[in-house]
Amino acid sequence: MSAAAPAIPFPAAFGDWRPDSWRARPAMQLPTYPDAEALDRAVEELGQLPPLVTSWEIFALKKQLAEAQEGKRFVLQGGDCAESFSDCESGLISNRLKVLLQMSLVLVHGLQLPVVRVGRFAGQYAKPRSTDMETRGEITLPSYRGDLVNGPEFTAQARIPDPQRMIRAHSRSAMTMNFVRALIDGGFADLHHPEYWNLSWVGYSPLANEYQQMVADIGGAVRFMETLAGAEVHNLNRIDFYTSHEALLLPYEQALTREVPRQHGWLNLSTHYPWIGMRTAAVDGAHVEYLRGVRNPIAVKVGPSVKPDQLLALMDILNPDDEPGRLTFIHRMGAAQIAEKLPPLLEAVKRDGRRVLWVCDAMHGNTESTSNGFKTRRFDNVRGEVEQAFDIHAAVGTRLGGVHLELTGEDVTECTGGARELTDVDLERAYRSTVDPRLNYEQSLEIAMSIVRKQRQLQATVA
């Protein structure tokens, strides 16, 4: 997925760490497996399976994230809220990739910056839950924690945590990544033919004309450069593409944490870019202890309850050597709270002076339930949080370096509003998510266009 990167010195602070050192810390959001021996066997088997990513891909991504910290790139991170085993299917995977490619095309064209493309898939099979148990009527069962742990069906058998699901998750992650690599290597991302990325169901989209004009402009620019050069411009048919997932189920992450030849230390080879969420970001907790020792670029979700001292403590633990590209904070405040909650955090980190990449997750703080029983997000709130984030960073003197979105390439109706002004009634038509609502293609593309418009407004203000 990317070119080789040079070795990076190993931070001495990681020397006392082992892949299982997290077991000595309090662990949140981990399931209780009824058969401990079966869990041990599954972890041992998983530990013998091939890795899913390579060290040079990880270090190449870290270098690009360091450039995003400096304002030289913009990060687009997106994909499913929670993948399911049944969705490991070529059409669904290619549609997800198409959406991210089209969004990145809009951003590259509009921001005049290279885009770091990170898929929230090929491993996003676990989800945190607010409660350990779920009750429907008079029946109470363990909560569904993602296909990595148990099944979504509301039956006693399906909800039993099954360690063999980790083996299945590894297999499906490998198949997903293999297919994505094959698409990219085969020219799927060729800028000579961005029309190949179109999704058939959006031909009637209100955004279609604007996007097609952009495609035509880019195609014309490519032909103009090639006319001047007298030859085809190279590297327009290849992109770097990386994967990410929440490092939630620590036995799975531990089993895929490896040492590699000619490198010091340990790497999580299940993904390029692991992150942890608000529920697992305690500074003395197992998940922070785990992330402390892997050399991947890592991220932490930051919500409205987080205080400045907590962020500084996390920086001390997770990036003690202030390594470029190492640490990302993904803020997810909600449109109603971001103006109050985000500035003190930005100001504290700015005063501290250490490097961090700021990314906006405009999804998770804007979830609500409708009167007809659907969990949804209103597009205006999602867009509003992104636009406010740009303004707040500009006012504080920090930089918003990317966005983190839950999205799909399918014709779903899970978030209301957007180009076709979906309503609560529309949710019943095509609501397919098993966990959280996702932006569909049109809404995702509209967010990308909104980012470009907002950035241009800020640049015009400065000028």
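The values are calculated or read from the model by the stated rules, or taken from the named source; none is laboratory data. Values in this document were obtained by computation on a predicted structure and should not be read as measured data. Virtual Cβ from ideal backbone geometry, glycine too; neighbours counted across all protein chains shown. When the accessible area is computed, the model is the full protein with side chains, heavy atoms only, and any ligands, DNA or RNA have been set aside. Shrake-Rupley method; radii C 1.70, N 1.55, O 1.52, S 1.80 Å.
Oblate is the label for the range 39-112, because a/c, from the alpha-carbon gyration tensor with a ≥ b ≥ c as root eigenvalues, is 1.5 or above and a/b does not exceed b/c. Helical content alone sets the calculated 222 nm signal of the chain at -12500 deg cm²/dmol, taking -39,500 (n - 2.57) per DSSP H segment of four or more residues and averaging over every residue.
Based on C-alpha pairs under 8 angstrom that are at least 6 apart in sequence, the range 360-463 has a relative contact order of 29 percent. Heavy atoms of the protein chains alone define the surface here; on that basis the chain has 41 Å² accessible area per residue at 1.4 Å probe size. Split the accessible area of the chain by element, probe 1.4 Å, and carbon with sulfur accounts for 51%. In terms of accessible area, using a 1.4 Å probe and ignoring ligands and nucleic acids, 367, 135 rank largest first as 135, 367. Applying the Karplus relation 6.51 cos²θ - 1.76 cosθ + 1.60 with θ = phi - 60° to the range 409-425 yields 3J(HN,Hα) values of x, 8, 7, 9, 10, 10, 10, 7, x, x, 4, 9, 6, 5, 10, 4, 5 Hz, where x marks Gly and Pro. Annotation: aspartates and glutamates with alpha-carbon distance below 12 angstrom to residue 375 (same-chain offsets under eight excluded): 414, 424, 428, 436.
Answer rounded, prolate or oblate for the chain, using the Cα gyration tensor with square roots of eigenvalues a ≥ b ≥ c: rounded when a/c is under 1.5, else prolate when a/b is larger than b/c, else oblate. Cα axes put the chain in the rounded bin.
Taking the centroid of alpha carbons for each part, the range 377-416 and the range 73-97 are 18 Å apart. Residues of the chain were split at every exposed loop site, defined as GluC sites (Glu not before Pro) in a DSSP loop with at most 14 other C-beta atoms within 10 angstrom, and the longest piece left, sites excluded, is 260-420.
The mean sequence separation of alpha-carbon pairs under 8 Å and at least six residues apart, normalised by the residue count of the range 48-164, gives a relative contact order of 22 percent.
With Cα atoms defining each centre, the range 115-133 and the range 425-451 are spaced 17 Å apart in the structure. Ranked from largest to smallest solvent-accessible area, with a 1.4 Å probe on the protein heavy atoms, 363, 133 come out as 133, 363. Placing +1 on the Cβ of every Lys and Arg and -1 on the Cβ of every Asp and Glu, with no other charges, gives the chain a dipole of roughly 800 debye about its Cα centre. A 1.4 Å probe over all protein chains sorts 429, 159, 355 by accessible area into 429, 355, 159, starting with the largest. Cross-link reach is defined here as a Cα-Cα straight distance under 28 Å, omitting same-chain residues fewer than 8 places apart; for residue 63 the lysines meeting it are 72, 98, 301, 350, 454.
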